[in-house]
There are 2 protein chains.
Amino acid sequence: MINNFVEYRGLIERKLTEFLAEESYRSKSLNNTFTYSLYNPINYVMSGGGKRIRPILVLLACEAFGGKAQDAINAAIAVEILHNFTLVHDDIMDNASTRRGKETVHQKWDVNSAILVGDELIGLSYRSLILSNTSRIASVVKVFTDGVIEVCEGQAMDKEFETRDEVSIYDYIIMIRKKTAELLKTSAVIGAIIGGSSDEEVKKISVYAENVGLAFQIQDDLLDIIANENEFGKKIGGDIVERKKSYLYTKALELLQGSKKNEFIKCYSSNVTNGENVSKIINVYNELCVIETARNEIKRLTAVANKSLDCIKDNHFRLKLEQFSDMLLNRNY
Amino acid sequence: MINNFVEYRGLIERKLTEFLAEESYRSKSLNNTFTYSLYNPINYVMSGGGKRIRPILVLLACEAFGGKAQDAINAAIAVEILHNFTLVHDDIMDNASTRRGKETVHQKWDVNSAILVGDELIGLSYRSLILSNTSRIASVVKVFTDGVIEVCEGQAMDKEFETRDEVSIYDYIIMIRKKTAELLKTSAVIGAIIGGSSDEEVKKISVYAENVGLAFQIQDDLLDIIANENEFGKKIGGDIVERKKSYLYTKALELLQGSKKNEFIKCYSSNVTNGENVSKIINVYNELCVIETARNEIKRLTAVANKSLDCIKDNHFRLKLEQFSDMLLNRNY
């Protein structure tokens, strides 16, 4: 049975709304016309839905080690705000016109606004983070900062890969570890620290979150091909058009040889972004069964993740974390 | 006599070089080709000179309240890294092709790289900050975060003003307080906290740094008109071309009336970026003596700043802080 974590989402939405309302009010307090160019898009992007996966993980990890969700709620929304910074800036770089079925910030406003909105979101994320009720704030800030740096480097690698044809699965895993898994790790570790975990327990929950994160990104790569466009909120085959080096691409490359490989590379790296080329690529994926391989890899990683939960004595919360990884594994958008 | 703070600059350059070398090495450690798109421009921009004013202020404030420069050096370079983030992103937004006489990051690489370089610099700035040797790290992180947020909002206001004709001196001061003075305040306050200051002393040094910051920005606005292009590293009249609402513009607007005012607004807001229009604007500034008014305002603010140093018992460091504000007041670039 899949838990949708409705109660956590409610807590997160309420706190996010409250925090942003306070900040919007503050930014207006000197003169009503000021910084509308920041707070209109910030409120737009932060209220744009999203699965709130990372803040849920913060709260779950906190509770799993004996803390109260309330003590970690500021850190939880900090991670969500930080995640939204990455979306706003990544969408500029990826030339994405929609996100979650709505116009992206740089599309609805302009690139300059979107740059500044992302920057401000980083600042706001730290502001919320340091409101956390914990005696271990220095550790929390350090882990969060590591997350910021890794996620930027992951995005840099992702962009670098777009101009490279040969990207190995090994390179790909390093990239998604930074770009995606790191922020889930950050979420779990911060929650665990606030919850009162030991160093040993932090290591275990890291392994859990990192593997969930890797599975999550491979699932995302998969959804680029197999998702329902309306549910997914993005165009199908977008990764192919953007020449993203996805799990499917790097896996296909590993399996192909000789002229077939060259043809595949040529087709993927061509500037033609029409439907025909996208279909050709998807056909290769089907022939090589890489979609099935991706599904199996997601299952394997999720099993590794769940196994590292054995350190959690509380059955109730261990089960919840298992349900959390199952939810990510079985999502369609 | 102007103190150039050579010994402080030496300390700052050494620490910056060491910190960035470590981070560049770390980013390469998995594979030599990774994240070159980040660290090449980061090393380029951070070694691009700059006056290192903010980190000098961190060190001075720390020592003024009894601390050792060595305890504040990580915070000092954190502020410098943060400042460089603002330059990289502002240069994109302002379409600036040169900075300190060198190509800007988005010009030499591209906009996407420059966005990501700025983001990574924020992360790196926090990483350096939390290495500070202080028991008051939570306060330090809070002040720093306030700085990040204010500086983004200041930039947002600055951009908003570009599309507005009527900007009052009052609006202008709010904007430069956020965009420029805040980060100098952040520098001084963080230094003071690490140095062991009381709350009362923090307030005093805030007043000092904020007024120095306001004077500094007005001087910057002035240099846009009166500087030597080679020394300044930017094109003369750049603010006019960009329709920046500078001290000179807002002051002129305050003094003009009727058709002369309308004509001035029209000339300033026109899309023509030729030399003739720039000369016309400068002529109005000369007629209205706003350049002289700006000079007097800088002197007044500097006097206010220096007066609030009376809380510093140590004559040696009080004098150094006075020399610091004098240095900024008398600079030509």
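The values are calculated or read from the model by the stated rules, or taken from the named source; none is laboratory data. Please read all numbers here as calculations on a predicted model, not as lab measurements. Methodologically, a virtual Cβ is constructed for each residue, glycine included, from the backbone with ideal geometry; neighbour enumeration extends over all protein chains shown.
Residues that are out of contact with any Ser or Thr (no Cβ under 8 Å at 6 or more places or on another chain), surrounded by 22 or more Cβ atoms within 10 Å (Cβ to Cβ) and assigned to a helix (DSSP H, G or I) within region A:121-149 comprise A:121, A:122, A:124, A:125, A:128, A:129, A:141, A:145, A:148, A:149, listed in sequence order. Within region B:168-194, the set of residues being touching a Leu at 6+ places or on another chain (Cβ under 6 Å) and within 11 Å of chain A (Cβ to nearest Cβ) comprises just one member, B:174. Pairs meeting the criteria (first residue in region B:36-49 and surrounded by fewer than 20 Cβ atoms within 10 Å (Cβ to Cβ), second residue modelled with pLDDT under 95, beta carbons under 6 Å, at least 6 apart or on different chains) are B:48/B:100; B:48/B:102; B:49/B:100.
Going through (1) on the phi > 0 side of the Ramachandran plot; (2) under 19 Å from the mean Cα position of the chain (by Cα); (3) of a type outside the set (Asp, Glu) one by one, residue A:325 falls short only on (1).
Matching residues to (1) aliphatic (A, V, I, L, M); (2) at pLDDT below 90; (3) farther than 30 Å from residue B:5 by Cβ; (4) touching a helix residue (DSSP H, G or I) at 6+ places or on another chain (Cβ under 7 Å):
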residue: B:248; (1), (2), (3), (4): yes, no, no, yes
residue: B:251; (1), (2), (3), (4): no, no, yes, yes
residue: B:262; (1), (2), (3), (4): no, no, yes, no
residue: B:271; (1), (2), (3), (4): no, yes, yes, no
residue: B:275; (1), (2), (3), (4): no, yes, yes, no
residue: B:287; (1), (2), (3), (4): no, no, yes, no
residue: B:302; (1), (2), (3), (4): no, no, no, yes
residue: B:322; (1), (2), (3), (4): no, no, no, yes
residue: B:328; (1), (2), (3), (4): yes, yes, no, yes
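For region A:159-166, the count of residues that are buried (at least 24 other Cβ atoms within 10 Å of the Cβ) and among the hydroxyl-bearing types (Ser, Thr, Tyr) is zero.
Consider residue B:66 carefully, then state whether it is on the phi > 0 side of the Ramachandran plot and over 21 Å from the mean Cα position of the chain (by Cα).
Values: on the phi > 0 side of the Ramachandran plot: yes; over 21 Å from the mean Cα position of the chain (by Cα): yes.
Spelling it out, residue B:66 is indeed on the phi > 0 side of the Ramachandran plot and over 21 Å from the mean Cα position of the chain (by Cα).
Every condition in (1) at pLDDT 95 or above; (2) surrounded by fewer than 23 Cβ atoms within 10 Å (Cβ to Cβ) is met by residue B:99 except one, and the failing one is (1). Note on region A:79-103: residues that are within 14 Å of chain B (Cβ to nearest Cβ) and over 19 Å from residue B:120 (Cβ atoms) amount to 2.
So, in region A:125-167, how many residues would count as being at the interface with chain B (Cβ under 7 Å from one of its Cβ atoms) and touching a Leu at 6+ places or on another chain (Cβ under 8 Å)?
The initial filter retains those residues of region A:125-167 that are at the interface with chain B (Cβ under 7 Å from one of its Cβ atoms), namely A:126-127, A:130, A:137-138, A:141-142, A:145, A:148-149, A:152-153, A:155-157, A:159-160.
Then drop every residue that is not touching a Leu at 6+ places or on another chain (Cβ under 8 Å), which leaves A:141, A:148-149, A:152-153, A:155-156, A:159.
Here the count works out to 8.
Here the helices (runs of 4 or more DSSP H) wholly within region B:170-232 that include at least 2 residues being modelled with pLDDT under 95 are B:199-226, B:229-232.
Quick one: how many residues across region A:6-35 are assigned to a helix (DSSP H, G or I) and buried (at least 18 other Cβ atoms within 10 Å of the Cβ)?
First, pick out the residues of region A:6-35 that are assigned to a helix (DSSP H, G or I): A:6-28.
Then drop every residue that is not buried (at least 18 other Cβ atoms within 10 Å of the Cβ), which leaves A:8, A:11-12, A:15-16, A:19-20, A:23, A:27.
Total meeting the criteria: 9.
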